[in-house]
Every structure is written in C-alpha cells, then in structure tokens.
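Undergrad: Sharing a structure here in structure tokens format.
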Amino acid sequence: MRDYSFLLGLLLIASSLILVAGVDVPAELLAKALNYAQNNMPEPEMTVQRLQAGDIDTLYKTAKSLNENEGDDRFASIMIWHILADGDAQHILSQVALGFTYAEEDKERAIDYFKLAGEGGPHHAALFNAGRLLVDTGDYAGALAYLRAAANLSESQPRYAQSTLTVTSRDAYEALSLD
C-alpha cells in the first residue's frame with residue numbers, strides 16, 4: 001500500500017476548504033476521508049484517486065463506511081453528508097443517510113431530509129420514510145401525501161420503484177386512510 005499521509009499536510013497547508021466537484025469540503029474532512037480510504041476501503045488506490053478527483057459518490061461511500069465506526073469517524077461521516085446534502089450538490093443519498101441518522105432523535109429534521117430526497121430523486125424509501133415519520137408526529141394529511149407518492153411511484157416513475165416497498169407503502173396508505 002502507498003502511504004498517502006503526506007496529503008494531510010499538503011491539504012491543510014493549501015486551504016481550509018477544498019472544492020470537490022463544486023462542493024466546499026473542509027480540508028480536515030477530506031484528509032480524514034483520504035486517510036480512511038487508504039487504510040480501510042476496498043480498492044484503496046482507486047478510491048483515493050476518485051476522492052482526489054472530486055467524485056461526490058465516492059466521498060459519500062467513504063462517509064457511509066466511516067459511519068459504521070464510533071466517535072470521530074461517525075461525526076466526520078455526518079459532517080460530510082451535511083456538506084453533500086445541504087450544499088449545491090443536493091446529494092440525494094446523503095439526504096437519505098441524514099434522514100436515517102436523525103430518525104430517532106430529531107424526527108422533524110429527519111422528515112426534512114427524507115422529503116428533500118423523496119422529492120428530489122425521487123427516492124422511494126425516502127418518500128415512504130417521510131410518510132412514516134409524519135404519522136409519528138401526528139401530521140396525518142402530510143403522511144398520506146408521502147405514502148401515496150411512495151405507493152404510486154411504480155406507476156409514475158417505475159425505474160425508481162421497488163416492488164416490496166410499493167406494497168408496503170400501499171398497505172400503509174390504505175391503513176391510514178381508514179383511520
């Protein structure tokens with residue numbers, strides 16, 4: 001394996017923000033992703049090259065892998081997802097990841113991210129989870145709208161739909177409609 005630790009110094013010296021495919025990523029986060037990729041990701045050389053080239057999807061996948069750890073790694077992954085989800089990139093998978101990250105502790109924030117991903121994708125699971133969490137918060141009208149969108153996605157945009165999630169969404173929509 002190559003030693004890419006010298007990149008940390010170069011990145012920190014060069015700038016506090018690095019532009020990755022039009023997204024400003026703090027140098028220390030990019031350095032963490034590069035070092036993590038070098039030591040922990042499959043095909044580390046290719047992953048490092050993609051990160052250096054500014055590939056947003058590779059940065060997302062590296063953050064996803066970081067999130068499987070505790071402490072600083074998990075915090076770094078969430079920060080990376082925020083940069084990708086909240087910035088100009090409006091990265092849908094990062095929005096979904098943040099929705100799941102906040103689902104237990106901050107339902108309103110999770111709903112916002114699921115809505116963004118569901119409407120921006122569309123992302124089937126995000127539409128369903130927005131509806132599911134809206135039920136938990138008592139917004140039944142909003143929940144019905146998102147569950148209906150998830151239930152009908154196979155008709156309106158079938159390439160984004162998953163058959164089992166379509167059935168689950170229809171069942172949830174019908175059950176909530178009866179209440």
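Undergrad: Along the Cα→Cβ direction, 7 angstrom out, place labels at residue 53 and residue 175. What is the inter-label distance in nm?
TA: 4.5
Undergrad: A follow-up question, please. Using the Cα gyration tensor of the range 47-126, with a ≥ b ≥ c the square roots of its eigenvalues, what is the shape: rounded (a/c below 1.5), prolate (a/b larger than b/c) or oblate (neither)?
TA: Cα axes put the range 47-126 in the oblate bin.
Undergrad: Given the rule -39500 (n - 2.57) for each run of at least 4 DSSP H residues, summed and divided by the residues of the chain, what is its mean residue ellipticity at 222 nm, to the nearest 500 deg cm²/dmol?
TA: Calculated at 222 nm, the ellipticity per residue is -23000 deg cm²/dmol.
Undergrad: Just rank 41, 46, fewest to most, by other beta-carbon atoms within 10 angstrom.
TA: Result, fewest neighbours first: 46, 41.
Undergrad: On to the next question. For the residues 82, 124, what sequence is obtained by ranking on other C-beta atoms within 10 Å, fewest first?
TA: Fewest to most other Cβ atoms nearby, the residues stand as 82, 124.
Undergrad: Determine Rg/Rh for the chain; Rg is computed over alpha-carbon atoms and Rh is the Kirkwood hydrodynamic estimate from the same atoms.
TA: Ratio of gyration radius to Kirkwood radius for the chain: 1.07.
Undergrad: Give me P(r) over the range 129-171, computed from all C-alpha to C-alpha distances, binned every 5 Å, as integer percentages.
TA: So the P(r) values, bin by bin, are 6, 29, 29, 20, 11, 4, 0.
Undergrad: Where a ≥ b ≥ c are the square roots of the eigenvalues of the C-alpha gyration tensor, would you call the range 84-154 rounded, which needs a/c under 1.5, or, failing that, prolate if a/b is larger than b/c, or oblate?
TA: Note, shape of the range 84-154 comes out oblate.
Undergrad: For residue 119 and residue 140, compute 0.36 nm times the residue count separating them, minus their Cα-Cα distance, and round to one decimal in nm.
TA: 5.7 nm
Undergrad: Which cross-chain or sequence-distant (5 or more) residues have an amide H under 5 Å from the amide H of residue 121, H modelled 1.01 Å from N in plane?
TA: none
Undergrad: What is the helix-to-structure angle for 163-178, meaning the angle in degrees between its Cα long axis and the longest Cα principal axis of the chain, kept from 0 to 90 and rounded to the nearest 10?
TA: Taking the Cα atoms of the chain, the angle to 163-178 is about 50 degrees.
Undergrad: Ranking 61, 32, 107 by Cβ neighbours within 10 Å, fewest first, what do you get?
TA: 107, 61, 32
Undergrad: Now a separate question. Subtract the Cα-Cα distance of residue 106 and residue 155 from 0.36 nm times their separation in residues, and report this length gain in nm to one decimal.
TA: Fully extending the segment from residue 106 to residue 155 adds 14.4 nm.
Undergrad: Over the range 92-179, what relative contact order in percent results from Cα pairs under 8 Å that are six or more residues apart?
TA: The normalised contact order for the range 92-179 reaches 21 percent.
Undergrad: What is the magnitude of the charge dipole of the chain about its Cα centre, with +1 placed on the Cβ of each Lys and Arg, -1 on the Cβ of each Asp and Glu, and no other charges, expressed in debye to the nearest 20?
TA: Dipole of the chain, to the nearest 20 debye: 380 debye.
Undergrad: Given a cut-off of under 8 Å on Cα pairs at least six residues apart, what relative contact order in percent is computed for the chain?
TA: RCO, the chain: 11 percent.
No value in this document is a laboratory result; all are computed from the given coordinates. All figures in this text were calculated on a predicted structure; none of them were measured in a lab. We place every Cβ from the backbone using ideal geometry, glycine too, and count neighbours over all the protein chains shown.
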